[in-house]
Amino acid sequence: MSSQISDQPSASDTAALPAVKAVRKSFSSPLGSLFVIVVTVLWTIPTVGLLATSLRPKEDVADSGWWTVFAHPNLILSNYHTVLFDGGFGVSGGLMPYMVNSLAISVPATLFPLVLAAMAAYALAWVRFRGSDTLFFLIFALQVVPLQMALIPLLQLFSGGAHLGGMTIIPQFNLSGTYAPVWLAHTMFALPLATFLLHNFISQLPRDLMEAAVVDGASHFKIFRSIVLPLCAPALASFAIFQFLWVWNDLLVALTFAGGTPDVAPMTVRLAQLAGSFGGRWELLTAGAFLSIIIPLLVFFGLQRYFVRGLLAGSVKG
Amino acid sequence: MPVTSVQLADSAWNDALIKLGNSFGAIAGFLGILLVIFFAAGRATGRLGRPLAITVFLGPAVLLLLVGLVVPLVRTIYLSFRNDDSSRFLGVKNYSWALTDQSIHQVLLNTLLWLIIAPLAATGLGLVLALLVDRMRWQALYKSLIFMPMAISLVGASIIWKFVYDTRDSTQRQTGLLSQLAIWLGWHNPPNWILSHPLNNFLLMVVMVWVQTGFAMVVLSAAIKAIPDEVTEAARLDGASGLRLFWYVTVPMIRTTLVVVLTTVMIVTLKAFDIVRTMTGGNFGTQVLANEMYSQSFVQFNVGRGSALAVILFLAVLPLVGYNIVQLRKERTTR
């Protein structure tokens, strides 16, 4: 776990300390510290309870609260085996296919918008043309449109193609039962924010560098490949983490475009179904829930530094 | 021959490999096409270079945005004035249904409560924590732990909290942490919190606050650190201190960030969909607009009504859109 969150960039950090301290000092009291500790504990307990329950035998879960594990530790791993493989949830194959679907959806749905948005951001920042400001503006505005607005028409498009009058503009692809609609939907919905955030980074690359490359006769393609991509690696990484978490954790898009079958539906869809219908078997439901959060948690704790930096670059200005 | 669980697991691994193979195949295809285009187009410089670059770089993104967002947006508005197979014009009938139907009133009220209370609570708590945590030892640990729920899906978070609120034992006795706490405090027969309790909407919002407070705290803490030394120092020499210093110096200095955080948290709050669907399925008076819209459109196939609800949801966040645009305008002109 680590000191990563606090070591955000900058020297102004240390310079600002004395006076900022003055404000903090007025908040500083043992009571304040106690408050933070209490909140931290409150914020952690639910997850600990989930983990503890998922490791307990069925009979124990039915008989006593999870906190009794601290007094009488009796932990097993078989709940995980059951939910993954044995179909303890009334499905042959258990949660395993759904977990694979989550992964098979998340990786491409992270990469596609990342690459396309980086390209668009570069063009908007460094290949200035008439209307590029307006275009950037429109993309920015699309960021805040709730995606519920697009669901019905997009689903109709995926299942039936697009027609105007009697003419077919986009033919009907038979995409149902594949990942393609989910990838496409995630890519489309991620583009505005991705383009906006990456534009912030890419437009701040040193002008001299870009001009020197142009003078050397490099094409935009070469500049993008050999200058922009390497220099923007940190920004790309932070957005990739963000997008991966977003896609892995998504329910609405998956529910709409993947349906509920083990062919393509991710874990979130299955777990949401089970949470409604699975009153008695908490030891299994908690194991399933923990399986669904373990990969995001690993990504989060492993790459926290980049994730936080990306967030801050996007939202703290001046 | 009896099928053992080991064999089942074997075939599951096989299927998994095939699925992942498809997924990585798609990635390889995507990158391959890009490479070919870059290789072919990279030769063109000079007069042809610019238009070609604009087309290649912006083309895919603009096309996807048009097909995936802009056209659907317009089409949803169109659909909201038509009947369910969109063969007939209905005027504002779908809207008048949405605004007069008794059950929808509860839905609208819930949505409004979500959009106001959850973001304010998460941002406010985040601000208080940001002020307190930075002068503590082990602050990185506290920050990490409070920030952690952000990585958890709202479905996962809902199951975690359903477990806190609504656990039963084999005799249907409540054994959740909250019930145990209530019993410990002397409340002998605590209610089924999220199933019937009048405060159940707020109990659902707790999940959203739990997820988002860490984000607000981390961003606001960075903004507070970025306040120039001289500003606070000058105010202090003028005799300001304590809460006054906070209210008249700190808050105005981080106002922009505060609004950005509030906006971001509010956009995420639109995903209350996940929480409501997982915890109550929209029953017990907890339905929100996004879920009603989903169920009208995709469960009952009332496409017209579903579209009208989507438009209403859009109108509800329109002030946010407007504010963001004004803000960006300002930034662009000052740059």
Q: Within segment B:212-251, count every residue that is in contact with a Ser or Thr (Cβ under 9 Å, 6 or more places away or on another chain), more than 7 Å from chain A (Cβ to nearest Cβ), touching a residue at least 60 places away in the same chain (Cβ under 8 Å) and among the aliphatic types (A, V, I, L, M).
A: 2
Q. Looking at A:Thr134, A:Thr187, A:Thr178, A:Thr168, which is the one that is at the interface with chain B (Cβ under 10 Å from one of its Cβ atoms), β-branched (Val, Ile, Thr) and not in a loop (DSSP other than H, G, I, E, B)?
A. A:Thr187
Q) Does any residue of segment B:87-96 turn out to be free of Cβ contacts under 8 Å to residues at least 12 places away in the same chain and part of a strand (DSSP E or B)? A) yes
Q | Residues (closer than 16 Å to A:Tyr98 by Cα, in a loop (DSSP other than H, G, I, E, B) and of a type in the set (S, T, N, Q)) located in segment A:218-265 | A | A:Thr261
Q) Considering only residues of segment A:57-76 that are among the aliphatic types (A, V, I, L, M) and in contact with a Ser or Thr (Cβ under 8 Å, 6 or more places away or on another chain), which is farthest from the other protein chains (Cβ to nearest Cβ)? A) A:Val61
**Q.** Answer residue from segment A:25-56, given it is more than 7 Å from chain B (Cβ to nearest Cβ) and part of a loop (DSSP other than H, G, I, E, B) and is modelled with the lowest pLDDT among those
**A.** A:Ser29
Q: Report yes if some residue within segment B:77-86 is modelled with pLDDT of 90 or more, surrounded by fewer than 20 Cβ atoms within 10 Å (Cβ to Cβ) and basic (Lys, Arg); otherwise report no.
A: yes
Q) In this structure, is B:Leu52 closer than 22 Å to A:Leu198 by Cα, crowded, with 17+ Cβ neighbours inside 10 Å, at pLDDT 85 or above and not β-branched (Val, Ile, Thr)? A) yes
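Could you identify the single residue in B:Val251, B:Val265 that is out of contact with any Lys or Arg (no Cβ under 9 Å at 6 or more places or on another chain), under 30 Å from A:Val253 (Cβ atoms) and of a type outside the set (Phe, Trp, Tyr)? So that I can check it myself, show each step before the final result.
Values: B:Val251 fails: under 30 Å from A:Val253 (Cβ atoms).
Exactly one residue qualifies, and that residue is B:Val265.
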**Q.** Among the residues listed as B:Val36, B:Val92, the single one being over 32 Å from the mean Cα position of the chain (by Cα), loosely packed, with under 13 Cβ neighbours inside 10 Å and modelled with pLDDT of 85 or more
**A.** B:Val36
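Per-residue answers, yes or no, for (1) under 30 Å from B:Ile116 (Cα atoms); (2) crowded, with 16+ Cβ neighbours inside 10 Å; (3) more than 11 Å from chain A (Cβ to nearest Cβ):
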{"site": "B:Ile159", "(1), (2), (3)": "yes, yes, no"}
{"site": "B:Lys162", "(1), (2), (3)": "yes, yes, no"}
{"site": "B:Asp166", "(1), (2), (3)": "yes, yes, no"}
{"site": "B:Gln172", "(1), (2), (3)": "no, no, no"}
{"site": "B:Ala182", "(1), (2), (3)": "yes, yes, yes"}
{"site": "B:Gly186", "(1), (2), (3)": "no, no, yes"}
{"site": "B:Asn189", "(1), (2), (3)": "no, no, yes"}
{"site": "B:Asn192", "(1), (2), (3)": "yes, yes, yes"}
{"site": "B:Leu199", "(1), (2), (3)": "yes, no, yes"}
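How about segment B:70-110: which of its residues are touching a strand residue (DSSP E or B) at 6+ places or on another chain (Cβ under 7 Å) and either within 14 Å of another protein chain (Cβ to nearest Cβ) or closer than 14 Å to B:Leu289 by Cβ (or both)?
Scanning segment B:70-110 gives B:Phe81, B:Arg82.
Would you call B:Val303 over 16 Å from the mean Cα position of the chain (by Cα) and among the aliphatic types (A, V, I, L, M)? It would help to see each step written out before you state the result.
Numbers: over 16 Å from the mean Cα position of the chain (by Cα): yes; among the aliphatic types (A, V, I, L, M): yes.
For B:Val303, the condition - over 16 Å from the mean Cα position of the chain (by Cα) and among the aliphatic types (A, V, I, L, M) - is met.
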Q) Listed residues B:Met148, B:Met208; which is under 17 Å from the mean Cα position of the chain (by Cα) and either over 30 Å from A:Phe307 (Cα atoms) or more than 11 Å from every other protein chain (Cβ to nearest Cβ) (or both)? A) B:Met208
**Q.** Conditions (1) at pLDDT 90 or above; (2) farther than 23 Å from A:Ala162 by Cα; number of the one not met by B:Leu69
**A.** (2)
Q | Residue among A:Pro230, A:Pro192 that alone is surrounded by fewer than 21 Cβ atoms within 10 Å (Cβ to Cβ), of a type outside the set (S, T, N, Q), closer than 19 Å to A:Ala120 by Cβ and modelled with pLDDT of 90 or more | A | A:Pro230
Q: Can you confirm whether segment A:1-24 contains a residue that is at pLDDT 75 or above and more than 8 Å from chain B (Cβ to nearest Cβ)?
A: no
Q | Residues of segment A:52-68 classified as within 22 Å of A:Leu297 (Cβ to Cβ) and surrounded by fewer than 19 Cβ atoms within 10 Å (Cβ to Cβ), total | A | 1
Q. Restricting attention to segment A:104-122, which residues are out of contact with any Ser or Thr (no Cβ under 8 Å at 6 or more places or on another chain), at the interface with chain B (Cβ under 7 Å from one of its Cβ atoms) and not hydrophobic (A, V, I, L, M, F, W, C)?
A. A:Tyr122
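Within the group B:Met266, B:Met293, which residue is crowded, with 24+ Cβ neighbours inside 10 Å, facing another protein chain (nearest Cβ under 10 Å) and in contact with a helix residue (DSSP H, G or I) (Cβ under 8 Å, 6 or more places away or on another chain)?
Unique residue meeting the criteria: B:Met293.
The values are calculated or read from the model by the stated rules, or taken from the named source; none is laboratory data. Predicted model only: the values in this text are computed from it and were never measured. No Cβ is skipped: glycine too gets one built from the backbone with ideal geometry, and neighbour counts run over all protein chains shown.
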